[in-house]
Amino acid sequence: MAKILVTGGCGYIGSHTLVDLIENGFDVICVDNNSRSNPLILKGVEEITGKSVKNYKVDLCNYDDTYAIFQENRDIAGIVHFAAYKAVGESVEKPLMYFENNLVSLINLLKCVQEFNIPWFVFSSSCTVYGNPDNSIVTEETPTKPAESPYGYTKQMGEGMLRDFQKSNPQTQVILLRYFNPVGAHPSIQIGELPIGKPQNLVPAITQTAIGKLPKMTVFGNDYHTRDGSCVRDFIHVSDIANAHTLAIKYLQDGKSENGVEVFNLGTGNGVTVLEAVKAFEKVSGLKLNYEIGARRAGDVISIYANNDKAKSKLGWDPKFGLDDMMLTAWQWELKLKKDEQMFSEPKSQLN
Ligand code: WQD
């Protein structure tokens, strides 16, 4: 069975993608320096799949260490590349750290793709490349706009680097997956999101407030020109996002890729407001969330959601989870983290 290298496989989307690839018959290895993830999440992957996944604890910014992985694994058929910093606010404060980490790691990886002739490359991109779109519902042809943050700029640059690389290395086929807002946890509740520090994203902020880790949550603005004044997003279950990666690899494996680089939007196609997301959480949890309406957050896109026809028709992608499932699994995961507080709290120094 084809071996897939998953970078950032100890992360949120990466760990869910390991599960989906294994369940679809792929052999997987992981590269993750655990600077922003916990290798113990691989125990959850093993719980679900019965497979133990090897993690190379390597910083992809170190070329020699990255090269050594490919020397040791001559049978890598494809790469799914998640490893990157992704906190929008932090990227504004530390742009050079984001440019260095997110771009040097990609360059080192592509040097190895060239050296070892790896045929399939799937890149973790984001709807953030669209900036504030003129029309809320975006297709893959919607023009990208100047990124709202250095994080978003590294995604735009990553896509551009991959297009130029593929032109000069036609033996490698590339797929760019633009995620909308990944939320929720695997239905087994064995893996889920492990935000570091105070969560920046909406759903972990909701669940951490509900569990009492945060005193209250702020809705950043309710005076936007939307149906209830709060921003509109396309929330998509992380397991649906994971399955799209497996389908992208299969698409490349079946030789269906055209013109070397293809882009796919990964969203449900449903726009949901922040306040509607809060209400959905209250419904599935049976709790009243302690939130206040605050000022708008700088850099926020007002309204964006996906036209996902292309992923559905060309990849055969069929997102299964609805908003209630997303909120319920996110809540169940938060409850599990509280119940097993020791599960992920071991000091990193004790981890292998
Ligand atoms: C969603 C909405 C906030 C927190 C970013 C990146 C994207 C991806 C996901 C990495 C906004 C509002 C949030 C809170 C709130 N990054 N909100 N109170 O900004 O759409 O997307 O994160 O994979 O690439 O661009 O996600 O969850 O931060 O915000 O009101 O405490 O929720 O203002 O309208 P975003 P988000």
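K111 falls short on exactly one of the conditions (1) buried (at least 18 other Cβ atoms within 10 Å of the Cβ); (2) in a helix (DSSP H, G or I), and that condition is (1).
Residues in segment 300-346 that are within 16 Å of N265 (Cα to Cα) and part of a helix (DSSP H, G or I): D309, K310, A311, K312, S313, K314, L315.
Keeping to segment 164-191, report how many residues are more than 10 Å from the ligand (Cβ to nearest atom), in contact with a His (Cβ under 8 Å, 6 or more places away or on another chain) and either hydrophobic (A, V, I, L, M, F, W, C) or at positive phi (or both).
Here is the first cut: in segment 164-191, the ones more than 10 Å from the ligand (Cβ to nearest atom) are 164-177, 184-191.
Next, only the ones that are in contact with a His (Cβ under 8 Å, 6 or more places away or on another chain) stay: 177, 184, 186, 191.
Among the residues that remain, those that are also either hydrophobic (A, V, I, L, M, F, W, C) or at positive phi (or both) are: 177, 184, 191.
The number of residues fulfilling the criteria is 3.
Please state which of the following conditions G158 fails to meet, knowing it meets all the rest: (1) open to solvent by 10 Å² or more (accessible area, probe 1.4 Å); (2) assigned to a helix (DSSP H, G or I); (3) not β-branched (V, I, T). Only one criterion in (1) open to solvent by 10 Å² or more (accessible area, probe 1.4 Å); (2) assigned to a helix (DSSP H, G or I); (3) not β-branched (V, I, T) is unmet by G158, namely (1).
Any chance segment 327-337 includes a residue that's at pLDDT below 95, surrounded by 15 or more Cβ atoms within 10 Å (Cβ to Cβ), of a type in the set (D, E, K, R) and within 16 Å of the ligand (Cβ to nearest atom)? The answer is no; no qualifying residue exists.
Listed here are the residues, each with its yes/no results for (1) open to solvent by 20 Å² or more (accessible area, probe 1.4 Å); (2) farther than 23 Å from V80 by Cα; (3) free of Cβ contacts under 8 Å to residues at least 40 places away in the same chain; (4) of a type outside the set (K, R).
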{"residue": "G184", "(1), (2), (3), (4)": "no, no, no, yes"}
{"residue": "T207", "(1), (2), (3), (4)": "no, yes, no, yes"}
{"residue": "R227", "(1), (2), (3), (4)": "yes, yes, no, no"}
{"residue": "V232", "(1), (2), (3), (4)": "no, yes, no, yes"}
{"residue": "L247", "(1), (2), (3), (4)": "yes, no, no, yes"}
{"residue": "S257", "(1), (2), (3), (4)": "yes, no, no, yes"}
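Restricting the search to segment 45-59, which residues are more than 18 Å from the chain's Cα centre (by Cα) and not polar (S, T, N, Q)? It would help to see each step written out before you state the result.
Restricting attention to segment 45-59, the residues satisfying the condition of being more than 18 Å from the chain's Cα centre (by Cα) are 46-59.
Result: E46, E47, I48, G50, K51, V53, K54, Y56, K57, V58, D59.
Once segment 282-299 is narrowed to residues that are within 15 Å of the ligand (Cβ to nearest atom), part of a loop (DSSP other than H, G, I, E, B) and among the aliphatic types (A, V, I, L, M), the residue that is surrounded by the fewest Cβ atoms within 10 Å (Cβ to Cβ) is A295.
I'd like to know if segment 275-289 contains one or more residues that are over 25 Å from L40 (Cβ atoms), in contact (Cβ under 8 Å) with a residue 24 or more places away in the chain and touching a strand residue (DSSP E or B) at 6+ places or on another chain (Cβ under 6 Å). Steps first, please.
Residues of segment 275-289 that are over 25 Å from L40 (Cβ atoms), as a first pass: 275-289.
With in contact (Cβ under 8 Å) with a residue 24 or more places away in the chain added as a condition, the list becomes 275-278, 280-281, 283-285, 287, 289.
With the extra rule that they be touching a strand residue (DSSP E or B) at 6+ places or on another chain (Cβ under 6 Å), the set shrinks to none.
No, every residue in segment 275-289 fails to be over 25 Å from L40 (Cβ atoms), in contact (Cβ under 8 Å) with a residue 24 or more places away in the chain and touching a strand residue (DSSP E or B) at 6+ places or on another chain (Cβ under 6 Å).
For (1) in contact with a strand residue (DSSP E or B) (Cβ under 7 Å, 6 or more places away or on another chain); (2) open to solvent by 20 Å² or more (accessible area, probe 1.4 Å); (3) part of a loop (DSSP other than H, G, I, E, B); (4) not small (G, A, S), each residue gets a yes or a no:
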{"site": "S15", "(1), (2), (3), (4)": "no, no, no, no"}
{"site": "R74", "(1), (2), (3), (4)": "no, yes, yes, yes"}
{"site": "S91", "(1), (2), (3), (4)": "no, no, no, no"}
{"site": "N101", "(1), (2), (3), (4)": "no, yes, no, yes"}
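Determine if segment 132-144 includes at least one residue that is open to solvent by less than 10 Å² (accessible area, probe 1.4 Å) and over 21 Å from C30 (Cα atoms). For segment 132-144, residues open to solvent by less than 10 Å² (accessible area, probe 1.4 Å) and over 21 Å from C30 (Cα atoms): present. Consider H225 against the criteria (1) over 27 Å from P150 (Cβ atoms); (2) at pLDDT below 95: it satisfies all of them except one. Which criterion is unmet? Condition (2) is where H225 drops out.
Do we have Q190 as of a type in the set (S, T, N, Q), open to solvent by 40 Å² or more (accessible area, probe 1.4 Å) and at pLDDT below 95 here? Step through it out loud before you land on a result.
Details: of a type in the set (S, T, N, Q): yes; open to solvent by 40 Å² or more (accessible area, probe 1.4 Å): yes; at pLDDT below 95: no.
No; evaluated as a whole, the condition is false for this residue.
In segment 263-274, the count of residues that are open to solvent by less than 10 Å² (accessible area, probe 1.4 Å), closer than 23 Å to S124 by Cβ, in contact with a strand residue (DSSP E or B) (Cβ under 7 Å, 6 or more places away or on another chain) and in a loop (DSSP other than H, G, I, E, B) is one or more.
Would segment 76-88 turn up any residue that is under 17 Å from the mean Cα position of the chain (by Cα), assigned to a helix (DSSP H, G or I) and within 16 Å of the ligand (Cβ to nearest atom)? Within segment 76-88, one or more residues are under 17 Å from the mean Cα position of the chain (by Cα), assigned to a helix (DSSP H, G or I) and within 16 Å of the ligand (Cβ to nearest atom). Please state which of the following conditions V278 fails to meet, knowing it meets all the rest: (1) more than 16 Å from the ligand (Cβ to nearest atom); (2) closer than 21 Å to V238 by Cβ. For V278, the failing item is (1). Could you please find all residues in segment 205-257 being touching a helix residue (DSSP H, G or I) at 6+ places or on another chain (Cβ under 9 Å), within 13 Å of the ligand (Cβ to nearest atom) and in a helix (DSSP H, G or I)? Hits for segment 205-257 are I206, T207, Q208, A210, V238, I241.
The values are calculated or read from the model by the stated rules, or taken from the named source; none is laboratory data. This structure is a prediction, so every number in the text was calculated from the model and none was measured. Note that we place each Cβ from the backbone using ideal geometry, even for glycine, and neighbour counts take in every protein chain shown. Please note that ligands, DNA and RNA were not included when accessible areas were found on the heavy atoms of the full protein model with its side chains. Shrake-Rupley method; radii C 1.70, N 1.55, O 1.52, S 1.80 Å.
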